[in-house]
Amino acid sequence: MLKIALVCPYDIFKKGGVQTVIFNLKDNYKKRGHQVKIITPLIKGAKNLNDDDIIFVGRSRDFNSPLHTTVQISASVDADFINSILDQYQFDIIHLHEPWVPFISRQILVRSKAINVGTFHAKIPEKVIPRTLVKVVNPYLKSVLDYLDGLTAVSDSAKEYLTSLSDQKIKIIPNGINLSDFTFKKNDYRLRQTILYIGRLENRKGVKYLIDAYSEIYKLNQNIELIIVGDGPSRAKLEIQAKILNLNKVKFIGAVDDQTKINLLNTADLLCSPAIFGESFGIVLLEGLASGLPIVAADNSGYRDVLSGVGSLSLVNVKDKMAFVRTLNIFLNQTEVRQLHRQWAQNYIVNFDNQLIAEQYLNYYTSLLNRK
């Protein structure tokens, strides 16, 4: 049995890729008999604080990231409390997710006697980071790397920035999903046609390009719906855009629970993810593939890491309106293309089951423990 700590610098109760990965790892590790704790900052106003699997350290505050996304990160930590936690649990592995995010990870690392593993999730385009911020981030990240025994990243895109700061070997372990939660559709059963978007509504997600492209499709077929799932700072602008274009079949339904999301994936004809930058992976793409749903996605580096082989047919420059429209129409209406994509997805998606991902991390932990 291993004693494992999973460190999350963000609001652990907020839905997000990093939080989802951490909870999935925790559940899979516990099923295998390991002792697991999540260490995370305390969020102002948070409820349900009686989870025995979660240890709250310090407090957090809102931070506007270089990707123009507001996240909550740790702003204060109690060094004595960290010492007491580490002494009490004597972790074998401390697995820090996004260890470059201040400040909780470094405060734990400087006190840790365990094997320290860092996983990097985010794709941070240097062009969106102000030079003044780079001067702060780079030295801080380098100081964190000194304490890490092992480095992993969820994709080649996620490790790109890291390789400029470290010559240490970086192991790629992708994100995963619970395949058992999804039902793979092998055939089309269409009463209507529906394009589905799931994600945050912010500028970098490129939803405005999807609405523009959809407006061209809507001119020819007003039976096609566009369902937009999620919320965010761009929602009001996007709703105005749809109204100005007289798109009566665009539905904004806000954030939904997991079961509603799965139901929407099961009834849609096409999943579209038009993010223009800042993507290192795309868990929503895996969810679409696991549902047997054809996908059209922006041609960014993170999505290229996921949609390989036949899946690369899904990639398009979403800023090229007519190319975007053509690709949407092909995946909506060409049965042969839809079936080809579905056959590829059925064989491909099995590589991303959470049980396999957990096993890859556990094998990596073991290799580091043996080396030490």
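The table for this structure:
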| item | result |
| --- | --- |
| Radius ratio Rg over Rh of the chain, counting only Cα atoms, Kirkwood formula for Rh | 0.98 |
| Stretch gain in nm, segment Asp156-Lys14, where the contour uses 0.36 nm per residue and the Cα spacing is subtracted | 48.5 nm |
| Sequence-separation-based contact order of segment 179-351, relative, with Cα cut under 8 Å and 6+ spacing, percent | 26 |
| The chain, relative contact order in percent, only Cα pairs under 8 angstrom and at least six apart counted | 15 |
| Nitroxide proxy distance, nm - points 7 Å out along Cα→Cβ at Asn333 and Asp167 | 5.6 |
| Linear extension gain, Phe81 paired with Met322, 0.36 nm per residue minus alpha-carbon span | 81.0 nm |
| Compactness index (Cα Rg / 2.2 N^0.38 Å), segment 306-372 | 1.69 |
| FRET efficiency for Lys251 and Gln355, using Cβ-Cβ distance with R0 set to 45 Å, rounded to 0.05 | 0.80 |
| Amide proton proximity set for Thr194, modelled H, under 5 Å, gap of 5+ | Glu225, Asp269, Leu270 |
| Relative counts (whole %) of C-alpha pair distances in segment 242-372, using bins that are 5 Å wide | 2, 9, 16, 19, 19, 14, 8, 5, 4, 2, 1, 0, 0 |
| Karplus 3J(HN,Hα) series, Hz, for segment 252-257 with 6.51 cos²θ - 1.76 cosθ + 1.60 (x for Gly, Pro) | 9, 10, x, 6, 10, 7 |
| Charge dipole of the chain about the Cα centre (unit charges at C-beta), most positive-ward option of Leu141, Ile224, Leu2 | Ile224 |
| Thr152, Thr20 arranged by Cβ crowding within 10 Å, fewest neighbours leading | Thr20, Thr152 |
| Two-site label geometry, Lys113 and Lys185: point separation in nm, points 7 Å out along Cα→Cβ | 5.6 |
| More than 20 Å apart - percent of Cα-Cα pairs taken over segment 160-283 | 53 |
| Radius 14 Å from Cβ of Asp149, net charge of other residues (Lys, Arg +1; Asp, Glu -1) | +3 |
| Segment Asp146-Leu369, extension gain: residue separation times 0.36 nm, minus the distance between their alpha carbons | 78.5 nm |
| Charge dipole (debye, nearest 20) of segment 179-351; +1 at Cβ of Lys and Arg, -1 at Cβ of Asp and Glu | 420 |
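FYI, it's all coordinate maths here, none of it is from the lab. All figures in this text were calculated on a predicted structure; none of them were measured in a lab. Cβ coordinates were reconstructed from backbone atoms using ideal geometry, including for glycine residues, and neighbour counts include every protein chain displayed.
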